[in-house]
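K.L.:
After the structure tokens below, expect a handful of questions from me.
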Amino acid sequence: MSQAEAVRRTPRPLWSLGLLRNEIAMTFRRWRTLALLAVLAGVPVLVGIALKIETGDGGPGGGGGGEAGPAFISQVTHNGLFLVFTSLAVTLPFFLPMSVGVIAGDSLAGEAHGGTLRYLLVAPAGRTRLLLVKYATTLTFCLVGALVVALSALATGALLFPLGEVTLLSGTSVSFGEGLLRALAIAVAVALSLTGVAAVGLFVSALTTSGIAAMATTVGLLITVQILDTIPQLHAIQPYLFPHYWLSFADLLRDPVYWDQLQKNLGLQALYVLVFGSAAWARFTTRDITA
């Protein structure tokens with residue numbers, strides 16, 4: 001047996017930290033990724049400045065309401081930590097999932113368009129392993145994006161508003177330290193809420209060799225599903241749409257925590273990951289790679 005044949009027959013591990021590290025480093029070095037993170041970091045600053053100007057002019061600083069966004073906004077001027085929750089509620093419907101859609105949509109299609117996908121597979125990476133690494137990188141961006149929003153909001157809130165004990169949505173008060181822990185838990189919950197979008201984007205990326213087309217299709221699907229989730233006549237299908245339970249993270253600010261909606265959200269995201277992840281694997285592993 002020749003040395004080349006021995007290399008080909010040597011079983012390759014399904015997972016490789018080296019390949020994952022290289023993929024994450026390459027993704028976060030791209031100017032597009034840095035620009036997306038800069039936009040995400042800028043949203044809390046704009047929201048904080050707008051609220052500061054409004055309250056400085058004698059405005060009420062936001063009204064109460066049943067939705068997560070208004071409920072958080074009414075508390076920001078009293079405690080800057082609530083700017084974290086407000087910013088996550090503001091960015092979750094569009095800015096965060098759009099950014100994830102761009103990263104996921106370009107993951108495979110961008111490599112094919114740039115002519116590097118075939119060389120990655122020859123490297124050797126293996127199709128299943130490469131697919132897992134691409135998805136893990138997208139999930140890393142989900143977490144980093146949510147944390148960037150949270151940290152930017154925390155810094156802005158500390159500069160513009162007072163900090164102190166946190167009054168939860170249920171009316172009880174907790175220490176600032178526990179409030180920070182809940183803010184971290186909410187950022188993680190928001191990142192987990194984006195796993196379904198990431199799987200959809202990966203599947204779309206496996207269908208085409210055009211990174212721009214994959215990104216545009218993923219973002220277009222996101223906008224379409226968001227619109228469908230707001231039409232009252234479609235209430236029967238809305239619990240099965242991946243954004244339906246996104247704002248359930250607000251239940252982490254109750255004492256005791258309401259887990260029902262959170263569990264439904266995580267279960268729905270897991271279903272999307274299973275279905276679209278399997279579809280992406282089936283397509284990618286049988287696809288004729290020519291570029």
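K.L.:
With all protein chains present, calculate the accessible area of Lys52 using a 1.4 Å probe and round the result to the nearest 10 Å².
P.N.:
Roughly 90 Å² of Lys52 is accessible to a 1.4 Å probe.
K.L.:
From the P(r) of the stretch 137-291, could you give the percentage of C-alpha pairs in the tail past 22 Å?
P.N.:
Above the 22 Å cut-off, the stretch 137-291 has 52 percent of its Cα pairs.
K.L.:
Let me ask another. Over the heavy atoms of Ser248, what accessible area does a 1.4 Å probe trace out, to the nearest 10 Å²?
P.N.:
10
K.L.:
Under a plain spin-label model, where a point goes 7 Å from the Cα along Cα-to-Cβ, how far apart in nm are Gln238 and Ala25?
P.N.:
4.7
K.L.:
Sticking with this structure for a sec: Kirkwood hydrodynamic radius for the stretch 181-248: how many Å is it when counted over pairs of different Cα atoms?
P.N.:
13.4
K.L.:
Between Glu165 and Tyr258, what is the label-to-label distance in nm when each label sits 7 Å out along the Cα-to-Cβ direction?
P.N.:
Going from the Glu165 label point to the Tyr258 one covers 2.4 nm.
K.L.:
Can you sort Val39, Val273 by solvent-accessible area, 1.4 Å probe, largest first?
P.N.:
Output order, biggest surface exposure first: Val39, Val273.
K.L.:
For the stretch 215-291, just the Cα set please: Rg and Dmax, both in angstrom.
P.N.:
16.2, 56
The values are calculated or read from the model by the stated rules, or taken from the named source; none is laboratory data. Values in this document were obtained by computation on a predicted structure and should not be read as measured data. Virtual Cβ from ideal backbone geometry, glycine too; neighbours counted across all protein chains shown. Only protein heavy atoms, including side chains, enter the accessible area calculation; ligands, DNA and RNA are left aside. Shrake-Rupley method; radii C 1.70, N 1.55, O 1.52, S 1.80 Å.
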